[in-house]
Amino acid sequence: MTLTLEAHLMTQPKQRRRYVAKSRGIKLASQGQLAREHAEAWLKIIRNWETRAATVRLPKMNYAAFRPDPDFSTLGEAGVADSRVLNTPAGEIYEGRLADKISEWERSPVPEQRQVGQVLHKLRHGSGPASLLRDGGWASPRQRSAAIGVALLTLAATFGDEAATHYLPLCRSAMRSGGLD
């Protein structure tokens, strides 16, 4: 009797949660849906390219006494500091670094990387679909939308977006299967 009661109590919270979710009309999103929405968020960022001024903190330097430090130079070797950032799901990313990565991939000798760079370049300059989503799934043509999603999530993963790293295999499989998932 004790064993049966414990088994009943262990399953009770799961049943209760399902009942509450159904009664409130909450639909739990699938991993594929979350992947599509994440790619859509990156599409909006690349297409709109809305930047803002970044807070650049310069290091304090003391010129009072000469103290040679081989690791520190004031000769301007680092170049101009980036001062514009894009707000992304991965956090703030300097626009120059993002644009440089797209250009680097566009000129890459690796065919797959060059193709990703060309897709991102077109999106950056206003070509391509306005949205990757339609009726909760990939927009038509599905395989093309999934391929654009792969390009966007590849860029996102390069800049440390952990969610993009997680969703990238899902988008790749959707691209191979014609966007059906």
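The values are calculated or read from the model by the stated rules, or taken from the named source; none is laboratory data. Predicted model only: the values in this text are computed from it and were never measured. FYI the Cβ positions are ideal-geometry reconstructions off the backbone, even for glycines, and counts take in every protein chain you see.
Points to keep in mind about this one:
- Any chance residue 151 is surrounded by fewer than 21 Cβ atoms within 10 Å (Cβ to Cβ) and either in a loop (DSSP other than H, G, I, E, B) or hydrophobic (A, V, I, L, M, F, W, C) (or both): no
- Among the residues making up the stretch 157-181, those that are at pLDDT below 90 and either surrounded by 14 or more Cβ atoms within 10 Å (Cβ to Cβ) or over 15 Å from residue 133 (Cα atoms) (or both) are 174, 175, 176, 177, 179, 181.
- Residue pairs whose Cβ atoms lie under 7 Å apart, separated by 6 or more positions or on different chains, with the first residue in the stretch 114-141 and small (Gly, Ala, Ser) and the second surrounded by fewer than 16 Cβ atoms within 10 Å (Cβ to Cβ) and part of a helix (DSSP H, G or I), are 128/122.
- When residues of the stretch 114-139 are limited to those that are within 16 Å of residue 38 (Cβ to Cβ), hydrophobic (A, V, I, L, M, F, W, C) and part of a loop (DSSP other than H, G, I, E, B), the one modelled with the highest pLDDT: 132
- Exclusive hit being of a type in the set (A, V, I, L, M) and part of a helix (DSSP H, G or I), set 86, 98: 98
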